Amino acid sequence: MVLLVPCAMRDPLTDRKVFREVRKGLNLRKGKELEADLRLFWMPYQIITYKDYLGRVRRMCIDLHYYDALAPSHRLLLLIKNSYLKFKAVEGKVGDGTLVKAEVKDSYRVIYDIVSLFERIKEGVREYSSLLISYAHKLGRVDLARTLFIPTGFKSLKELKAMEEAGRERGELILIKAIIEGGLNLGKPPLGVSRELKVFYFPKVLAKYGGKVAFVEVGGKNPSLDKVFTSLYSEDESFKLLTDELFSMV
């Protein structure tokens, strides 16, 4: 059985709204003929159901194609697409486009990876807080809120590099906060994880041009540029290699 989220466009590879999103992602001027290599892919996502530490039933979905490459890093959190849970997946066959197969993950292992990642990032935030207080004392500042923006005075300190690293961890905390508010709620180990394996495929148009790739989601009412994935292509080598593999499939 193959579960699909139906594509909202009759032919997304010729749809003007899709072209508009592609131009955004590739930074192409309007009016210029679109010469990008456009492909429709059905990307695999796995739904994981669990009870959080308060006993509430939660669900999340992860991108199976990219999971193994990015799971060891904080980028794993970018692969959690809970917004897709609002779409209804139906049984069907792929007519147009390419179905991307991927190995289903052990739900317990996925949850363990995310909880462990939370712990690492929280430790980084604690380190950041202690550095911040230390810097504030050195500069004679009492308003810690202002120091969050790393004012010019910090640039003369030898520990700036350490603070920048801790600041990166703090940025990850902001990302985690957004995910928790979106219903993930894995700040502590869950009470239980369902063994049910459920995978669905979400339609995306990938456009390749001039060393860049734009990811456009076409499962909703209107096509939408995935800015995070579009940026990851140029920032993460593992992500880039897996994306290039997709284009070699067809």
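Evaluated against (1) within 17 Å of Tyr209 (Cβ to Cβ); (2) of a type in the set (A, V, I, L, M, F, W, C); (3) surrounded by fewer than 21 Cβ atoms within 10 Å (Cβ to Cβ), Phe41 falls short on exactly one condition, (3).
Just one of (1) touching a Cys at 6+ places or on another chain (Cβ under 9 Å); (2) modelled with pLDDT of 95 or more fails for Gly219. It is (2). Look at (1) closer than 17 Å to Val100 by Cα; (2) surrounded by 14 or more Cβ atoms within 10 Å (Cβ to Cβ) and you find that Ser248 fails only one, number (2). Listed conditions (1) farther than 20 Å from Phe200 by Cα; (2) free of Cβ contacts under 8 Å to residues at least 60 places away in the same chain; (3) in a strand (DSSP E or B) are all met by Ile62, apart from (1). On the basis of being in contact with a Leu (Cβ under 8 Å, 6 or more places away or on another chain), part of a helix (DSSP H, G or I) and in contact (Cβ under 8 Å) with a residue 40 or more places away in the chain, does Arg39 make the cut? Against the criterion (in contact with a Leu (Cβ under 8 Å, 6 or more places away or on another chain), part of a helix (DSSP H, G or I) and in contact (Cβ under 8 Å) with a residue 40 or more places away in the chain), Arg39 does not qualify.
Selection of region 203-250 for residues being part of a strand (DSSP E or B) and not charged (D, E, K, R) yields Pro203, Val205, Leu206, Ala207, Tyr209, Val213, Ala214, Phe215, Val216, Ser224, Leu225. Here Lys88 meets each of (1) touching a helix residue (DSSP H, G or I) at 6+ places or on another chain (Cβ under 7 Å); (2) assigned to a loop (DSSP other than H, G, I, E, B); (3) modelled with pLDDT of 90 or more; (4) not small (Gly, Ala, Ser) with one exception, condition (1). Pairing each residue of region 223-239 that is exposed (fewer than 15 other Cβ atoms within 10 Å of the Cβ) with any residue that is at pLDDT below 90, provided the two are 6+ apart or on different chains, yields C-beta distances under 7 Å for Val228/Leu78. Among the residues of region 7-33, those identified as assigned to a loop (DSSP other than H, G, I, E, B) and surrounded by 14 or more Cβ atoms within 10 Å (Cβ to Cβ) are Cys7, Ala8, Met9, Pro12, Leu13, Asp15, Leu28.
The values are calculated or read from the model by the stated rules, or taken from the named source; none is laboratory data. Computed from a predicted structure; not experimentally measured. Here Cβ is always computed from backbone atoms with ideal geometry, including for glycine, and neighbour counts include all displayed protein chains.
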